[in-house]
Amino acid sequence: MFLQLDDKGPRYLQVARALKQAILDGRCAPGSRLPATRTLARELEISRNTALAAYAVLTEEGLIDGRSGSGCYVAAFAAAPKRPPAASAQATARAPVLSRRGRRMQQVYDRAIPGRQHRGLRYNLQYGLPMTNPQLASAWRRALNQAAAHVQTDYPDPQGLPELRAQICEYLARRRGINAAPEDVLIVNGTQQAFSLAADVLLDAGDRMLLEDPHYQGARQVFQARGAAIRTCRVDADGLVASALPRDAQTRLAVVTPSHQFPTGAVLSLPRRMQLLDWAQHRRCWLIEDDYDGEFRYGTRPLAALKSLDRAGRVLYVGSFSKVIFPALRLGYMVLPPGLREAFVAAKWLTDRGSTAIEQAALARLIGSGAFERHLRRAANTLRARRSALLGALQRHAGGAVEVADSSAGMHILAWLRHMSHAQAQALVEMARARGVGIYLVAPYCHKPLKHPGLLLGYADLPPADLQAAVRILADCLPRVSQA
Ligand SMILES: Cc1ncc(COP(=O)(O)O)c(C=O)c1O
């Protein structure tokens, strides 16, 4: 028998690994006798003790059976499936058989915009990059240390730590006008998990669901992967056009961003909020309110959430700490209508047995100590300054070429390029990138093709001077692509 040792670690383990491989790939048939340890030692030029130790490892794993006096035999159940011919083995390795849902997930992932592979840019205006905040970082470290010192090591409550849910309720009452009790709240691993749980609990493959157009890709990707039949409804300067919602009663679920439409920035007007709630109530459609950055408003008070107007219990409110703290935290929450609570807790429990307890406890401390809301006030001031630096620079250097969608909230702006073709806009993105500035087209967020190209520009991550420098480079590229 030919055994190839791999030279990694102790000799007896190398021998045991090589023998195990031979057994699993069928070279040592089930029930067959293995060489005596003396023979094996001679063939492999190892000591007999090493051979004995290797056989002992395999005996312990149940792969061989030592019958005293008559040698060692390969265990009967150690039979591996017959090896397929080499060519088909290769083909199988290339294309494993996935479930339908597995295939859809893979396709969605392959088509997704490459995430954070734009490192090396001098100025990256990518939407979603978090604001670096040293004060928050040290408050967070303190909270985390304290939480770690008192952590309960048992599995956490799958619904979320009661103290965090209680803090979230107080915060929502103060800042978002939502009246919720801790038992209405489910802690999730970010908005993304809230979408996944909603798809699990509320939709079967082929069921209809509705997105705004344009919309957040993270939502579309989840529902696409679940095989939902996705429809869209247009938005204008007042947000979702409620009169254009589908008239039939087939839509099971809709994802909306009323506080700050993503990505246009429009705020859903009160009459439309009432129309939307009425539409959902009459069709027994669930509304997921994605309140991703409603906290950051400049010049006006934050609007109360749609959930605060929901008398019929159709709104599943989703909040995330990704924008208000940082996305690496992967924590968010849902406020659920009473009838859905148990099903969502069950889905969360089945998925991961609950979110990580130390971070939840630290977050409860951060909110409870007042440090969180102090941070929100400081962050809003910083973001306001960055936003006005970006808008001012665009106005000064590129005023004739870009038109910024009216929005006084959030961490990004949408700038339309009214006089440019889509090809020219793509060339602009590439030229700016070659000069170290990351800018991004809005087209991937849209369902229907756009009349004009637009740019989605995130400003949270860059100080005012960098934003101004980036816009100067962008403005310098504009005439070059317009003439091309
Ligand atoms: C529209 C929208 N919703 C939600 C989120 C937050 O997602 P998560 O909580 O999964 O980080 C983002 C983040 O970029 C977003 O843009």
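Among the residues of the stretch 336-359, those identified as within 15 Å of the ligand (Cβ to nearest atom) and outside any loop (DSSP other than H, G, I, E, B) are LYS348, THR351, ASP352, GLU359. If you go through the stretch 147-169 and keep only what is exposed (fewer than 15 other Cβ atoms within 10 Å of the Cβ) and touching a Lys or Arg at 6+ places or on another chain (Cβ under 7 Å), you end up with just TYR155. Yes or no: the stretch 67-76 includes at least one residue that is exposed (fewer than 14 other Cβ atoms within 10 Å of the Cβ), in contact with a Pro (Cβ under 8 Å, 6 or more places away or on another chain) and modelled with pLDDT under 85. Scanning the stretch 67-76 turns up at least one residue that is exposed (fewer than 14 other Cβ atoms within 10 Å of the Cβ), in contact with a Pro (Cβ under 8 Å, 6 or more places away or on another chain) and modelled with pLDDT under 85. Scanning the stretch 265-311 for residues that are in a loop (DSSP other than H, G, I, E, B), away from the ligand (no atom under 16 Å from the Cβ) and of a type in the set (D, E, K, R) yields ARG284, ARG301, ASP310, ARG311.
Here the stretch 312-335 is the region considered, the condition is being within 11 Å of the ligand (Cβ to nearest atom) and β-branched (Val, Ile, Thr), and the residue that is nearest to ALA254 (Cα to Cα) is VAL318. Are any of the residues in the stretch 233-244 among the small types (Gly, Ala, Ser), at pLDDT below 95, more than 16 Å from the ligand (Cβ to nearest atom) and more than 23 Å from the chain's Cα centre (by Cα)? Yes, the stretch 233-244 contains a residue that is among the small types (Gly, Ala, Ser), at pLDDT below 95, more than 16 Å from the ligand (Cβ to nearest atom) and more than 23 Å from the chain's Cα centre (by Cα).
Can you tell me which residue in the stretch 178-197 is farthest from ALA254 (Cα to Cα), limited to those that are touching a residue at least 40 places away in the same chain (Cβ under 8 Å) and away from the ligand (no atom under 16 Å from the Cβ)? Per the criteria, the residue is GLU183. Among the residues of the stretch 214-245, those that are in contact (Cβ under 8 Å) with a residue 12 or more places away in the chain, small (Gly, Ala, Ser) and more than 20 Å from LEU202 (Cα to Cα) comprise ALA237, GLY239, ALA242, SER243.
Condition check: in contact (Cβ under 8 Å) with a residue 24 or more places away in the chain, outside any helix (DSSP H, G or I), among the aliphatic types (A, V, I, L, M) and closer than 22 Å to GLY265 by Cα. Does LEU414 satisfy that? Spell out the reasoning first.
Working: in contact (Cβ under 8 Å) with a residue 24 or more places away in the chain: yes; outside any helix (DSSP H, G or I): yes; among the aliphatic types (A, V, I, L, M): yes; closer than 22 Å to GLY265 by Cα: yes.
Answer is yes for this residue.
Scanning the stretch 13-56 for residues that are outside any loop (DSSP other than H, G, I, E, B) and under 45 Å from the mean Cα position of the chain (by Cα) yields LEU13, GLN14, VAL15, ALA16, ARG17, ALA18, LEU19, LYS20, GLN21, ALA22, ILE23, LEU24.
Looking at the structure I just gave you, is ASP406 on the phi < 0 side of the Ramachandran plot, surrounded by 15 or more Cβ atoms within 10 Å (Cβ to Cβ), within 29 Å of the chain's Cα centre (by Cα) and not small (Gly, Ala, Ser)? Spell out how you get there, then give the answer.
On the way: on the phi < 0 side of the Ramachandran plot: yes; surrounded by 15 or more Cβ atoms within 10 Å (Cβ to Cβ): no; within 29 Å of the chain's Cα centre (by Cα): yes; not small (Gly, Ala, Ser): yes.
In short, no.
The set of residues from the stretch 304-338 being closer than 12 Å to GLY294 by Cα and of a type in the set (Val, Ile, Thr) comprises VAL318, VAL324.
Of the residues making up the stretch 202-210, not a single one is under 20 Å from VAL315 (Cβ atoms), within 12 Å of the ligand (Cβ to nearest atom) and in contact with a helix residue (DSSP H, G or I) (Cβ under 9 Å, 6 or more places away or on another chain).
Here GLY319 fulfils each of the conditions (1) surrounded by fewer than 21 Cβ atoms within 10 Å (Cβ to Cβ); (2) over 17 Å from LEU268 (Cα atoms); (3) at pLDDT 95 or above apart from (1).
For the stretch 113-168, the candidate set comprises residues that are of a type in the set (Ser, Thr, Tyr), assigned to a loop (DSSP other than H, G, I, E, B) and more than 16 Å from the ligand (Cβ to nearest atom); within that set, the residue that is modelled with the highest pLDDT is TYR155. Contact annotation: residue pairs with Cβ atoms under 9 Å, 6 or more positions apart or on different chains, pairing a residue in the stretch 35-62 that is on the phi > 0 side of the Ramachandran plot with a partner that is part of a helix (DSSP H, G or I), are GLY62/PHE77; GLY62/ALA78.
Among the residues making up the stretch 211-230, a single one is farther than 20 Å from PRO258 by Cβ and assigned to a strand (DSSP E or B): ALA229.
The values are calculated or read from the model by the stated rules, or taken from the named source; none is laboratory data. Here the structure is a predicted model, which is why all the values come from computation and not from measurement. Don't worry about glycine lacking a Cβ; one is built from the backbone with ideal geometry, like all the others, and counts go over all protein chains shown.
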